[in-house]
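The values are calculated or read from the model by the stated rules, or taken from the named source; none is laboratory data. Nothing here was measured: the structure is a model prediction, and the numbers come from that model. As a convention, Cβ positions derive from the backbone with ideal geometry for all residues, glycine included, and neighbour counts pool all protein chains shown. Heads up: the accessible areas ignore ligands, DNA and RNA and are worked out on the full protein's heavy atoms, side chains in. Shrake-Rupley method; radii C 1.70, N 1.55, O 1.52, S 1.80 Å.
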Amino acid sequence: MMLSYAQTSIVICLSVAGALLLVMVLNRLWPIQNRKLLNDVTGWQLGVLGTTYGVILGFMLYTVWEGFRAAQIDADLEATSMLNVYRVAGGLPSPQKERIRELARRYESVVVKEEWPAMQHQQEDRPTTAVLGEMWQVLETAKPETAIVTNSIDHIQYAMSDLAERRNMREHQRSDQMPSLLWVLLVLGGGATIVSSCLLGNDKKWLHYCQVGALTFVVATALSAIADLARPYEGAVAVQPGSFVLALKAMESQEKH
């Protein structure tokens, strides 16, 4: 289960507090004057380590953000595909037209009310699969007696194929996870970078505390953002079903007219 904004804030604050506590303990057990003698060595190593870790962290943050944006775009296109099915169904004969439109409204409603809450809790729930199956069965009963009906059937088949592809991609994005090895690299790399900064000797204690606190805050915040964005349908920042809600409202509005 992903953390909320409040829980993430607590984790970040605890991380910063832990790093500052480490500096305080080092100042008591290992005098600053003795640590300053090693600054030429530890400072150079920290520069290399910090640069390397910063590149890795930035690359991972960019990657998960791109994945999050792709999940949002796929969800929007899925909702749009079903809306297209609803509109093109107007060219079908009765009763196929009414049945296809009824199933299209049910699809959008089921996604919002059932599938999205299930995805937020990392649960597999695919009631839309049955809805799509019914739509294909209804479409098979439509007889292409005129050019308009034939054209409508072709467009609906294309839209439903695209919709099914987007639906499968959404399921893949829900269940996909970052490899454990990457998380080990990110966490250990962040810990090594922060500890290395704590080892530096600085006569101005307040400045050292500020430097360590700022570095820990940036690392903890970036790791929290990566963890949240890597699961696009969970957590404080998640893909919302707004496009499905709008599509359903458009269908209902057209039905009234």
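From GLU165, GLU171, which residue is touching a Lys or Arg at 6+ places or on another chain (Cβ under 8 Å), part of a helix (DSSP H, G or I) and within 26 Å of ASP228 (Cα to Cα)?
After applying the criteria, what remains is GLU171.
Determine, yes or no, whether VAL11 is among the β-branched types (Val, Ile, Thr), closer than 25 Å to LEU182 by Cα and either open to solvent by 80 Å² or more (accessible area, probe 1.4 Å) or in a helix (DSSP H, G or I) (or both).
Here the answer is yes, as VAL11 does meet what is asked.
Report, by residue number, each residue of the stretch 118-131 that is more than 10 Å from TYR233 (Cβ to Cβ), out of contact with any helix residue (DSSP H, G or I) (no Cβ under 7 Å at 6 or more places or on another chain) and in a helix (DSSP H, G or I).
Hits for the stretch 118-131 are THR129, ALA130.
Condition first: more than 16 Å from ILE12 (Cα to Cα) and assigned to a helix (DSSP H, G or I). Now tell me which residues in the stretch 220-246 satisfy that.
LEU229, GLY242, SER243, PHE244, VAL245, LEU246
Which residues, taken from the stretch 206-242, are of a type outside the set (A, V, I, L, M, F, W, C), out of contact with any helix residue (DSSP H, G or I) (no Cβ under 7 Å at 6 or more places or on another chain) and either open to solvent by less than 30 Å² (accessible area, probe 1.4 Å) or within 17 Å of VAL184 (Cα to Cα) (or both)?
Across the stretch 206-242, the qualifying residue is only ASP228.
Does the stretch 81-92 contain at least one residue that is in contact with a helix residue (DSSP H, G or I) (Cβ under 6 Å, 6 or more places away or on another chain) and not in a helix (DSSP H, G or I)?
yes
I need every pair where a residue in the stretch 133-148 that is part of a helix (DSSP H, G or I) has its Cβ under 8 Å from the Cβ of a residue that is among the basic types (Lys, Arg), sequence separation at least 6 or different chains.
VAL138/ARG99
Hey, among ARG126, ARG174, ARG170, which residue is at pLDDT below 90 and closer than 22 Å to LYS249 by Cβ?
After ruling out the rest, the residue left standing is ARG170.
Give the stretch 31-55 a look and list any residue that's loosely packed, with under 15 Cβ neighbours inside 10 Å, under 20 Å from TYR209 (Cβ atoms) and either at pLDDT 85 or above or among the charged types (D, E, K, R) (or both), or say none.
The answer is LYS36, and nothing else.
State all residues of the stretch 159-191 that are open to solvent by 40 Å² or more (accessible area, probe 1.4 Å), in contact (Cβ under 8 Å) with a residue 40 or more places away in the chain and more than 30 Å from GLU78 (Cβ to Cβ); if no residue qualifies, say none.
LEU185
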